[in-house]
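Asks: The structure is given below, and queries will be raised subsequently.
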Amino acid sequence: MQDKTTKSSSSSRLLKAAAVFGGSGAGANTAQAEAAASDALSEGLKKLLDTATKLSGMDPGQLKGFLFARINVAKFNVDAARKGLDIRARLTADKLGGWNDPVVDIELIQNREVLEKVQSKASDNPTWLAMVHRS
C-alpha cells in the first residue's frame, strides 16, 4: 500500500508527463500551421511577381488593381493557413487564363466549392471608391 506522499508524487509526475505530451502535440500543430502559412506566402509572392512581370506594360492605375487583388489573396491564404482552415482565396484570373472575370476578382474556395465571390477595387480617389461600392 502506498502512502499519500507517494500517490501525490506519482499523480504529479503523470500530470506533468501529460502536460508535456499535450504541449508537444499543440506545438506540432502550430508548427504545421506555420509551415502551411509559409508555403502560402511563398506561393502568393511568386504569383505577385509573375503578375507584375506579365502586366508590366499595363497602365499603372490598372496594374495597381491587379496587384492589390493578388496581395489580398495572398494575405487571406496566409491567414487561413496559419489558423489551420481549409478555405483559400484565388483570383478568377488564375482559372481564366490570366484575365479577371469582369464582375468577380476573387473567389473563396473550400473543397473545390466556391463559397463567396468578391469584387476587389483599389483607388487613390476615395470618392470614386465610395461611389463604386454604393452601386
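Each value in this text was obtained by applying a stated rule to the coordinates, not by laboratory testing. Just so it is clear, the model here is predicted, and its values are computed rather than measured.
Asks: Can you pull the three principal axis extents for the Cα set of segment 27-95, in Å, largest first?
Replies: 47, 19, 17
Asks: While we're here: Over segment 36-130, what is the mean sequence separation of C-alpha contacts under 8 Å (at least six apart), divided by residue count, expressed as relative contact order in percent? Each step should come with its number before you reach the end.
Replies: Working: 121 pairs, mean separation 22.7, N = 95.
So the answer I get is 24 percent.
Asks: Please give every one of the aspartates and glutamates within straight-line cross-link reach of LYS46, meaning a C-alpha to C-alpha distance under 20 Å, and leave out same-chain neighbours fewer than 8 residues apart.
Replies: Excluding near neighbours in sequence, the set is GLU34, ASP79, ASP94, ASP105, GLU107.
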